[in-house]
Amino acid sequence: MPDRIADIWGTRTPYGQGGNWPVRVDTKLADGVAKADVDRWVKSACLLCSNGCGCDIAVKDGRMVGIRGRAEDRVNHGRLGPKGLFASWQGVDNRDRLTVPLVREDGRLVEADWDTAMGRIAERSRALLEEKGPLSHGFYTSGQLFLEEYYALAVLGKAGIGTPHMDGNTRLCTATAAASLKESFGADGQPGSYTDIDECDAIFLYGHNMAETQTVLWARVLDRIAGPDRPRVVCVDPRDTEVARHADVHLPVRPGTNLALMHGLVREVVANGWVDEDYVAGHTQRFGDLLAAVEPWTPEAVAETCGVAAADVRRAAEIFGTSQRVLSTVLQGFYQSWQATASSCQVNNLHLLRGMLGRPGCGLLQMNGQPTAQNNRECGADGDLPGFRNWENPKHVRELAELWGVDELKIPHWASPTHAAQIFRYAEQGSIGFLWISATNPAVSMPELPRMRRILAKPELFLVVQDLYLTETAQYADVVLPAAAWGEKTGTFTNVDRTVHLSDQAVEPPGQARSDLDIFLDYSRRMGFARNDGSPLLDWTGPEDAFRAWQECSRGRPCDYSGMSYAMLRERGGIQWPCNDEHPDGLDRLYTDGTFSTDAAYCETYGHDLTTGATVGPTAYRAMAPAGRALFKTAPYSPPPEEPSDEYPLRYTTGRTAYHFHTRTKTGRAPQLNAAAPGMWIELSAADAQRYGIGEGDIAVVSSARGRITAPVRIGDVREGTVFAPFHFGYWDTGGSPDDHPRAANELTMTEWDAVSKQPIFKTAAVRLEKAAAGSGPAPAPTTTASRPAQPGTVPATIGGAAAEAREEPA
Amino acid sequence: MKLPVYLGLLHQSEATLAESYRQVAEGHGEEPDVHFLCLTLARQCDAHQDALAPIIGRYGECTEDDEPERLHHEGLSKTRSGPVGLLRDLQDLYLMANLVDITWTMVKQAAQGLQDAELLDVIARCDGETEVQLHWLKTRMKQAAPQALIAAS
Ligand code: SF4
């Protein structure tokens, strides 16, 4: 059996263009458990990245004891990656779980019963609503809850309380995907499909280290690469990732300069006459704006600004311009960097220029990071109006008011919703006095952690934290609520390519832990949130009621779930939205006829100026009359806000590793994954290491204007002049707080965000580095990923051994 | 011809606006979006003044007091603090940017009358940016107003 720590992507099953990706069923069972011992297999999908691989959870004696990929699932064809194999169940079935509510007494968190904990929340909530009104309340949620839970939260926030202060950590991972799709096509919703990998003849990955973030999706690409007619691959990434190693063209741009590169690519495609003029004429608007913006960006100008070779810019553009079927994917290298929305819109623009949308292989995947980010956006737990409705469109607001039986005035729609960083700013200033954080860990994942900790610790702030574990964030809470995890509750979620899965409850939650849905419903009941007719606002008894309510809310909107049901999802497995009377089996690709969601009555937004974020507004939008045509939106390039200086001469960028998810609350508790990447490290190029007199594993201090971290150095393949740090490592397993040993990557990042998507900038900052001490061995960075040593063989290889062996069964 | 008076007014009010953006950026560093964007917009105002320079070279500009004093707008004396202070400062910027915007409009009318293609080209490049500045200020104020006026203490 293969060691799936050493072999992240598993055995190759090559296939050719237009073929079916062969099935390979991956299974991992707990030590000493054989297949025959398993009592039940419960249908679900993996919740450790946005890929949403279909799986069955193995249950024995009421406990989760393993996992198996589902052969017939459209997403993974049976495969699972290391996180799914090892962390999905071990990350949950763990003795560290919170099992009882905690409340703060005399400065300490002590055990309490649910009635006490919820009673305190309702009491404080009611008092603040009376004293200061709905704007005193903020909610910060996750990319890891189920659809039903987000929808409950969105309804109680908008129609129960009436606060615009609601966001998810999806703001950190996927807000730019939504923003760029809205600006270009009128509404969120992924145009492409995973089947585009099977059909394409070129793949462009923009700031998307797919090999580590969605390992099973990358296995699909690897199988095409190993097949008879390999697609050409272009990679934009400052690191020498696994993707870069397979690329025909690798563009290692200077962090913060993506937009300049994109302008150059667009310019080349236009200049060489690779534009589908009929498509542009028939299905787009504002081509002239685009031409003006890209005009100065010759390949030489790009080379100068981005630090890549002009010839490579030409080659990449040529691949885009001359391939028949191009698939593009975009992720954090663009979303978390400077001018995020404008850069991502340029990817959309390239596809519009070539008319490459809505046809097999001509796909666009503005990726999500977290597993249920898509649902957070659909349901409005990111503050948006549910069902991709437009807060500036009074008719859309009325629809929701009718659906929920409340006054239109109740629903906050006077300005765009409050994004995460602004919510925390209001908490800092004291105007938000009640903050409810569910299933996320801002004390590690938000930028500028020293400031974050100050805000969370404010005594005036009443902080509720709902989670599986006592996270770094939970330690600051006034009330901690133990939540049920994946496998312990039922609900649906939707992956990147709009595939909806039902995840059934397999086991009971530990102790008194409750599902997030039950907690939100309990709060709504205690607060007496009601419709105008006096009946309860949320009268659902369980997830299926919530799903049905959501189906009604989504009816007629781009994310239409009205044709689905729990029974259908149980029977058929993953189904893509829209699924309705017109498309009873779901729809593989959007915009097949080149008609977009931009009609003024239908669109999710009237759009923004991409430099400032100024809203276009209904009048100007109607005057433009896009009426189903896509919009070429762009902005001029400007340099990032913080450039290297004498004091801070290096660029700083953060990212992920294949073995961990988010702040490791689950993956850090899977022994195989933890052993593969047990501790913090930073990466330096060989040239910089030499300059600073640093050897592999030596300890360095990195500081920015915000803070400092100490970590061992991996001499790797990052760009010269750039320091890379993985963002997963916090303090829950090193004593709980940074004290004298800060190590979290976000100690150094800056508080600033994209003007349109409001996604924080994690990928560019200026830092200084000093050697602190000699090391005692190599840095604890994997050798199987982008963090591999620059000099092969200088560091022992990352392996998992017997514990990491998993069964592979080709069909 | 009184166009030089208006060119002077335009030049002066772009300079005042640039200066005020920089002041607000400085005074509201705790609001990073306001901080960085105001610096960007200040540079935009600088560029507008540079673009006007050859036009002023041809027509001259009048900065003397032979026109009513009130044509010239005072910049911000100093920035305010707190949520309402931010709102008030943005509102002052909004008023100043409006002066700039309407002055561009008047200069454009004159440029059309004069059939001055070079000036019209400058206006086409700059006036749209001023308009976006106004939109941004309004968007940002609309976001900040409820919190500042209701919930902040
Ligand atoms: S690729 Fe993502 S969804 Fe699939 S098994 Fe890995 S972590 Fe889970």
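Just for the protein assembly as shown, what percent of DSSP beta bridges are antiparallel, to the closest 5? Can you show the working numbers first?
Numbers: 51 of 95 bridges.
Counting DSSP beta bridges with both partners in the protein assembly as shown, the antiparallel share is about 55 percent.
Pull out a ≥ b ≥ c, the square roots of the eigenvalues of the alpha-carbon gyration tensor of segment A:510-575, then state rounded if a/c is under 1.5, prolate if not and a/b is larger than b/c, and oblate in the remaining case.
On the way: a/c = 3.02, a/b = 1.32, b/c = 2.28.
Verdict is oblate for segment A:510-575.
Taking Cα atoms of segment A:440-573, Rg/Rh with Kirkwood Rh, to two decimals? Mind dumping the intermediate values first?
On the way: Rg = 17.9 Å, Rh = 17.5 Å.
That ratio equals 1.03.
If you add up the charges near A:Glu408, with Lys and Arg at +1 and Asp and Glu at -1, over every other residue whose beta carbon is less than 15 angstrom from its beta carbon, what do you get? Walk me through the numbers on the way to the answer.
Values: positive: A:Lys158, A:Arg389, A:Lys395, A:Arg398, A:Lys410, A:Arg531; negative: A:Glu392, A:Glu399, A:Glu402, A:Asp407.
Taking every Cβ under 15 Å from that of A:Glu408, the sum is +2.
How would you rank A:431-444, A:57-70, highest first, on the average number of other Cβ atoms within 10 Å across their residues?
Values: A:431-444: 25.4, A:57-70: 21.1.
So the order, starting with the most tightly packed, is A:431-444, A:57-70.
Rg over Rh of segment A:265-389, using C-alpha atoms and the Kirkwood radius, what does it come to?
Values: Rg = 16.2 Å, Rh = 16.1 Å.
Radius of gyration relative to Kirkwood radius: 1.00.
Which of rounded, prolate, oblate describes segment A:616-672, given a ≥ b ≥ c as roots of the alpha-carbon gyration tensor eigenvalues and a/c under 1.5 marking rounded, otherwise prolate only if a/b is larger than b/c? Let's see the in-between values first.
On the way: a/c = 4.27, a/b = 1.59, b/c = 2.69.
Judged from the Cα gyration tensor, segment A:616-672 comes out oblate (a/c at least 1.5, b/c at or above a/b).
Would you mind counting up the charge near A:Thr499? Only other residues with Cβ under 9 Å from its Cβ, with Lys and Arg at +1 and Asp and Glu at -1. Spell out each step's value before the answer.
Details: positive: A:Arg74, A:Arg498; negative: A:Asp73, A:Asp497.
Charge balance near A:Thr499 sits at 0.
Tell me, what ³J(HN,Hα) does each residue in segment A:744-756 have, in order and in whole Hz, if you take phi through Karplus 6.51 cos²θ - 1.76 cosθ + 1.60 with θ = phi - 60° and put x for Gly and Pro?
5, 3, 7, 4, 9, 6, 9, 8, 6, 9, 5, 5, 9
From the residues A:His662, A:Gly800, A:Ser737, which one has its Cα farthest along the dipole of segment A:650-804 in the positive direction, the dipole being from +1 and -1 charges on Cβ of Lys/Arg and Asp/Glu about the Cα centre?
Result: A:His662.
Can you compute log10 of I(q)/I(0) for segment A:573-673 with the Debye formula, treating each Cα as one identical point scatterer, at q = 0.12, 0.13 Å⁻¹?
The Debye formula, applied to the Cα set alone, gives -0.86, -0.91.
How much length, in nm to one decimal, is gained on full extension between A:Glu72 and A:Glu720, taken as 0.36 nm per residue of separation minus their Cα-Cα distance? Please report the intermediate quantities before stating the final value.
Numbers: separation 648, 0.36 × 648 = 233.28 nm, distance 4.51 nm.
Extra length available between A:Glu72 and A:Glu720 comes to 228.8 nm.
Report, by chain and number, residues whose modeled amide H sits under 5 Å from the one on A:Thr783, excluding near sequence neighbours (fewer than 5 apart, same chain).
A:Thr798
Based on Cβ point charges of +1 for Lys and Arg and -1 for Asp and Glu, what charge dipole magnitude is obtained for chain A about its Cα centre, in debye rounded to the nearest 20?
Values: 81 positive and 102 negative charges, 107 e Å.
The dipole of chain A has a size of about 520 debye.
Cross-link candidates for A:Lys763: which lysines have Cα within less than 30 Å, leaving aside residues fewer than 8 places away along the same chain?
Cross-link targets: A:Lys83, A:Lys182, A:Lys458, A:Lys633, A:Lys666, A:Lys771, B:Lys138, B:Lys142.
Can you tell which of A:Leu400, A:Gln90, A:Val65 lies farthest toward the positive end of the dipole of the protein assembly as shown, using +1 and -1 charges on the Cβ of basic and acidic side chains (Lys, Arg; Asp, Glu)?
The residue sitting most towards the positive pole is A:Val65.
Report the label-to-label distance for A:Ser638 and A:Ala127 in nanometres (one decimal), using points 7 Å from each Cα along the Cα→Cβ vector.
4.5
Just to check I understand the Karplus step: with θ = phi - 60° and J = 6.51 cos²θ - 1.76 cosθ + 1.60, what whole-Hz values come out for segment A:521-534, glycine and proline as x?
5, 4, 4, 4, 5, 4, 7, x, 4, 9, 7, 4, 7, x
Explain nothing, just the number: relative contact order of chain A, from Cα pairs under 8 Å at least 6 residues apart, as a whole percent.
On the way: 2028 pairs, mean separation 163.9, N = 811.
RCO, chain A: 20 percent.
Just add up the charged neighbours of A:Trp391: K/R +1, D/E -1, any other residue whose Cβ is under 13 Å from the Cβ of A:Trp391. Could you put the intermediate results ahead of the total?
On the way: positive: A:Lys158, A:Lys182, A:Arg389, A:Lys395, A:Arg398, B:Lys142; negative: A:Asp382, A:Asp384, A:Glu392, A:Glu399, A:Glu408, A:Glu604.
That works out to 0.
Please compute the contact order of segment A:650-804 in relative form: average sequence separation of alpha-carbon pairs under 8 Å and at least six residues apart, divided by the residue count, as a percent.
Working: 332 pairs, mean separation 51.9, N = 155.
Answer for segment A:650-804 is 34 percent.
Among DSSP bridges having both ends in segment A:650-804, what percentage is antiparallel? Round to the nearest 5. Present the calculation step by step, with values, prior to reporting the outcome.
Numbers: 15 of 24 bridges.
Bridges in segment A:650-804 that DSSP calls antiparallel: roughly 60 percent.
Take the eigenvalues of the Cα gyration tensor for segment A:1-53, scale each by 5, and report the square roots as semi-axes in whole Å, largest first. If you can, show how the numbers build up before the last one.
Numbers: eigenvalues 122, 50, 35 Å².
Equivalent-ellipsoid dimensions as semi-axes: 25, 16, 13 Å.
Using Cα centres only, tell me the gap between segment A:710-753 and segment A:327-353 in whole Å.
The two parts, judged by their Cα centres, are 26 Å apart.
Can you tell me the order of A:489-496, A:673-680, A:401-408 when each peptide is scored by its average per-residue count of other Cβ atoms within 10 angstrom, highest first?
Values: A:489-496: 27.2, A:673-680: 21.5, A:401-408: 15.8.
Averaged packing, sorted descending, gives the order A:489-496, A:673-680, A:401-408.
In terms of the Cα gyration tensor, with a ≥ b ≥ c the square roots of its eigenvalues, is chain A rounded because a/c is under 1.5, prolate because a/b exceeds b/c, or oblate?
On the way: a/c = 1.24, a/b = 1.09, b/c = 1.14.
Rounded, because the longest to shortest axis ratio a/c is under 1.5.
Go through A:Gly307, A:Trp577, A:Gly358 and say which Cα lies farthest out towards the positive end of the charge dipole of chain A; charges sit on Cβ, +1 for Lys and Arg, -1 for Asp and Glu.
The one lying farthest along the dipole's positive direction is A:Gly307.
Compute the normalised compactness of chain B: alpha-carbon radius of gyration over 2.2 N^0.38 Å, N being the residue count. Show your work: numbers first, answer last.
Values: Rg = 16.5 Å, N = 153, 2.2 N^0.38 = 14.9 Å.
Against the compact-globule rule of thumb, the ratio is 1.11.
Enter the mean number of other protein chain beta carbons within 10 Å of the beta carbon of each residue in B:136-149, as an integer.
On the way: counts 8, 2, 3, 11, 4, 1, 4, 10, 3, 2, 9, 12, 3, 1.
Mean shielding by partner chains, rounded to a whole number: 5.
Over the Cα atoms of segment A:650-804, what Rg and Dmax result, in angstrom?
Radius of gyration, then largest Cα-Cα span, for segment A:650-804: 15.2, 49 Å.
What full-extension length gain, to one decimal in nm, is calculated for A:Leu291 and A:Ala705 as 0.36 nm per residue of separation minus the Cα-Cα distance? Walk me through the numbers before you get to the answer.
On the way: separation 414, 0.36 × 414 = 149.04 nm, distance 3.83 nm.
Roughly 145.2 nm would be gained on extension.
With θ taken as phi - 60° and the coefficients 6.51, -1.76 and 1.60, list the Karplus ³J(HN,Hα) couplings across segment A:632-646 in order, rounded to whole Hz; mark glycine and proline as x.
Residue by residue, segment A:632-646 yields 7, 9, 7, 7, x, 5, 9, x, x, x, 10, 9, x, 9, 4 Hz.
Only the coordinates and a few stated rules stand behind these numbers; no lab work does. Values in this document were obtained by computation on a predicted structure and should not be read as measured data. Neighbour counts are summed over all protein chains in view; Cβ atoms, including those assigned to glycine, are modelled from backbone coordinates with ideal geometry.
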